[in-house]
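Peer 1: Here it is, the structure in full.
Values quoted throughout were computed directly from the atomic coordinates according to the rules given, and no laboratory measurement underlies them. Small disclaimer: the values here were computed from a predicted structure and weren't measured. Neighbour counts are summed over all protein chains in view; Cβ atoms, including those assigned to glycine, are modelled from backbone coordinates with ideal geometry.
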Protein chains: 2
Amino acid sequence: MEIKMSAPKGFLFSAVEAAIKKPGRKDLALIYSESKAVISGMFTTNSIKAAPVMIDMKRIKSGIGQAIIVNSGNANACTGKQGIADALEITDMIAKALKLKNSMVYICSTGVIGTTMPMERIRAKIPELLKNLGKSTIDDLANAIMTTDTFPKNITKRIKINGKTITISAVCKGAGMICPNMATMLCFIMTDANIDKSALDKALKSAVQKSFNKITIDGDMSTNDTVLTMANGMAGNSLIKLNSKEFNKFANAVSDITYELSKLIVKDGEGATKIVEIGVINAKSDIDAKRGAFAVANSLLVKTAIYGNDANWGRIMAAIGYSGITIKEEKTDIYLNGLKIVKNGMGTGKDKEANEKLKGKEIKIIVDLKLGNKNAKVLTCDLSEEYVKINAEYRT
Amino acid sequence: MEIKMSAPKGFLFSAVEAAIKKPGRKDLALIYSESKAVISGMFTTNSIKAAPVMIDMKRIKSGIGQAIIVNSGNANACTGKQGIADALEITDMIAKALKLKNSMVYICSTGVIGTTMPMERIRAKIPELLKNLGKSTIDDLANAIMTTDTFPKNITKRIKINGKTITISAVCKGAGMICPNMATMLCFIMTDANIDKSALDKALKSAVQKSFNKITIDGDMSTNDTVLTMANGMAGNSLIKLNSKEFNKFANAVSDITYELSKLIVKDGEGATKIVEIGVINAKSDIDAKRGAFAVANSLLVKTAIYGNDANWGRIMAAIGYSGITIKEEKTDIYLNGLKIVKNGMGTGKDKEANEKLKGKEIKIIVDLKLGNKNAKVLTCDLSEEYVKINAEYRT
């Protein structure tokens, strides 16, 4: 586990129990920066967007923010005008209490779709949420945003920029509805770095591209996916500008964090027993490599075989075959944790050895197309009866 | 159940136990037409094609055939040159014994990918297979081609054309790896109709388009999908020509049969407890309607919710949202077995009533986009723990 480090300077947290879906757990949280922060965001590409996503997408155009209120238990999606009104009322309450302009407050929700927010319980809890500000930890925040997650996910890293220590902390939630184009998730990245808005945008985009956009649990994409990054400058470093040496250092740190969080999300995929990396290498094009890797990663037959410790590579070949990419069956090789199980389109007869390798918790499958020099990598997990159970009983 | 009717004139069947995957069941079958038959076929669009598929695709160019040998237990896919050699040896043996040109014999295989055919056991059984010709029924044939199917699937229909009785019999297998662009399946349609080759081609294509291409179990597409239709003319009707009144009657009968078989395949989807019809109506375009319907039908979250009797319509909205089609959230209505559960993008508060409806075995979901006049319909099933169990243990 990560050694727990203190949060970035100037960030305060609060998490309380509002019984949004059911009582007995923290489900309403607040992130507050003592000074105005540069903010960048990325949002679900689903045409159906939750009310808070629509509000944040407008507000983020200003490029600044100071607070994020987030709840689990209710997605506030498919809730129409009422959903928008509820979300606005919540941000207004926070803004008023913290003496901020409304537009400085962002809001994120995750949970069940199609139920309006239990506003009475939320209204009643906001005073406690505010009073508690600074008394909760990042761990509390990570816990409060969980839905079917089985463990909280947060990472803190420190880097030096021009002699100043910069802290970057990130929390996220994942678990199900995890799909290309941003896993179904919320992620908040907080840093005390002093950084230019365009530099923060680029660092976030690049990090998400290499991490959250490369994982898939079940191929479903949520209505609520949001990644927000706040940088409040309180570390006192000289401004990090786009494409400088300092920028690269900062961007790499953010990428490392989001990649580690991605791995945690996959590890905690609903019902997952294994983390699986699918690499497609030597494809004719980038798009072929990516599409091939996602086809294998999303194949239920591949995922169930991995769950069953069955190196049924025929299902990998079939998935690559129907992905629509350019392949030559008689050239294709497949490796499982380094063991060559398919050579030139045919089995190498090492299935028993491969089945043994599948008993591990980290599985690495490489499909070598031998047609070009483009590679892609996707993280996923296996598919167990537990996934079905969790999702059949989600609202009960 | 269908009343069992006798097979089309001139068709003989045989099914024997060859212990291809394991002993104790019929797994090798032969279909033989006493006279030359016009033959049409449709094949998997997967780039990875099994050896028998490659052979049939060549042979079918002649437009005629007289025998089909089929086995379950081994797909003869990803078996390279050996796979082709094995398949050719089998068809050669059949051709020689039946005194046919090699090219008159077709071959289909279904089962595990990537294992070469157990040729010694097959060779040893071919004399018995031939000797038994005419002693097996269509039921035996339907049984012999099953893999994870839990019941055999065959339908026989009779129609009158110009005073002559024409019989059409079809058998198929399905169960898993069922996906758009031909379910993972084998299907053999036999008829004694006297029909022109181009008319048979069109009748088959149109029937498949409306049936096997509109079902999905798990989104996976097989390497072996094949539909073959043989028409031997022994009913003695005057030749059915393309686009005649007689053609329409014949084509409708074939479409009815394949649609009924499609429903049987979905009903028997691996681990399925319910048959689910997804309709997307009033879409802006045909492609939108189809893509939307498939997105909902393939969503694991939708399928598990249906399994759990949970009318979690938010997942349907999310799937429509990420399908990439044109939608207006605030216009979208959703019906579940006739009950309006979403109106203008929001829940109607009838979730409890809807949950009750989900306890039935036949579920009909309609998504009304109210944006145009194009409709599409897809058949699928729910997703249960049993699906995972079947596919995790398939090769053990």
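Peer 1: Any chance you could give the angle, 0 to 90 degrees and rounded to 10, that helix B:245-267 forms with the longest Cα principal axis of chain B?
Peer 2: It is inclined by approximately 70 degrees.
Peer 1: What is the antiparallel percent of DSSP beta bridges lying wholly in the protein assembly as shown, to the nearest 5?
Peer 2: For the protein assembly as shown, the DSSP antiparallel bridge percentage is about 70.
Peer 1: A further question follows. Modelled label-to-label distance, B:THR45 and A:SER285, 7 Å Cα→beta-carbon offset: nm?
Peer 2: In this crude label model, B:THR45 to A:SER285 measures out at 1.7 nm.
Peer 1: What relative contact order, as a whole-number percentage, does the range A:212-359 give when Cα pairs under 8 Å and 6 or more residues apart are counted? Write out the running numbers ahead of the final one.
Peer 2: Values: 122 pairs, mean separation 24.9, N = 148.
Worked out over the range A:212-359, it gives 17 percent.
Peer 1: While we're here: Of A:THR223, A:THR115, how do they rank once you tally other Cβ atoms within 10 Å and put the fewest first?
Peer 2: Details: A:THR223 29, A:THR115 22.
In increasing order of surrounding Cβ atoms, one gets A:THR115, A:THR223.
Peer 1: Something else: Sequence gap at least 6, Cα distance under 8 Å: using those rules, report the relative contact order of the range A:194-283 to the nearest whole percent.
Peer 2: 45
Peer 1: At a threshold of 8 angstrom on Cα-Cα distance, excluding pairs fewer than six apart, so keeping six or more, what relative contact order does chain B reach in percent? Intermediate results must be reported in sequence, preceding the final value.
Peer 2: On the way: 990 pairs, mean separation 64.1, N = 396.
That works out to 16 percent.
Peer 1: Would you mind listing the distances between the B:LYS241 label point and the same position in each other copy? Use 7 Å along Cα-to-C-beta, nm, one decimal, shortest first.
Peer 2: 8.2
Peer 1: Run the quick spin-label model on B:MET57 and B:THR273: label points 7 Å from Cα toward the beta carbon, then report their separation in nm to one decimal.
Peer 2: It works out to 4.0 nm between the two label points.
Peer 1: Let me confirm one metric for peptide A:75-87, namely the mean number of other chain beta-carbon atoms within 10 Å of its residues' beta-carbons. Before the final figure, lay out each step's value.
Peer 2: Values: counts 2, 0, 6, 14, 4, 7, 2, 1, 2, 0, 0, 0, 0.
The mean count of partner-chain Cβ atoms within 10 Å per residue comes to 3.
Peer 1: Averaging over every viewing direction, what projected area does the convex hull of the Cα atoms of the range A:237-353 cover, in nm²?
Peer 2: Projected over every direction and averaged, the Cα hull of the range A:237-353 covers 9.8 nm².
Peer 1: Averaged across B:46-58, how many Cβ atoms of other chains sit within 10 Å of each residue's Cβ atom?
Peer 2: So the per-residue partner count for this stretch is 3.
Peer 1: Which residue is it, in chain B, that holds its beta carbon closest to the axis of the B-onto-A rotation, and how many whole angstrom away?
Peer 2: Its Cβ sits closest to the axis: B:GLU385, 2.
Peer 1: Applying 1/(1 + (r/R0)^6) with R0 = 35 Å to the Cβ-Cβ distance of B:THR137 and B:ASN243, what FRET efficiency is obtained, to the nearest 0.05?
Peer 2: Working from the Cβ atoms, E equals 0.50.
Peer 1: Here is a follow-up. With angles folded into 0 to 90 degrees, how steeply does helix B:313-322 sit against the dominant principal axis of chain B? Use alpha carbons for both and round to 10.
Peer 2: With rounding to tens, the tilt is 70 degrees.
Peer 1: Treating the point 7 Å from Cα along Cα-beta-carbon as the label, what are the nm separations from A:LEU88 to the other copies, to one decimal?
Peer 2: In nanometres, ordered from closest: 7.4.
Peer 1: Find every distance from the label point of A:SER285 to the corresponding label point in the other copies (7 Å from Cα along Cα→Cβ) and write them in nm, one decimal, shortest first.
Peer 2: Nearest to farthest, the other copies are at 1.9 nm.
Peer 1: Averaged across the residues of B:329-341, what count of C-beta atoms belonging to other chains lies within 10 Å of each residue's C-beta?
Peer 2: 1
Peer 1: For A:LYS99 paired with B:ILE84, estimate the spin-label separation in nm (one decimal), with each label point 7 Å from Cα along the Cα-to-Cβ line.
Peer 2: 8.1
Peer 1: Among A:LYS21, A:LYS214, A:LYS160, which one shows the highest mean-square fluctuation when chain A is modelled as a Gaussian network with alpha-carbon springs under 10 Å?
Peer 2: A:LYS160
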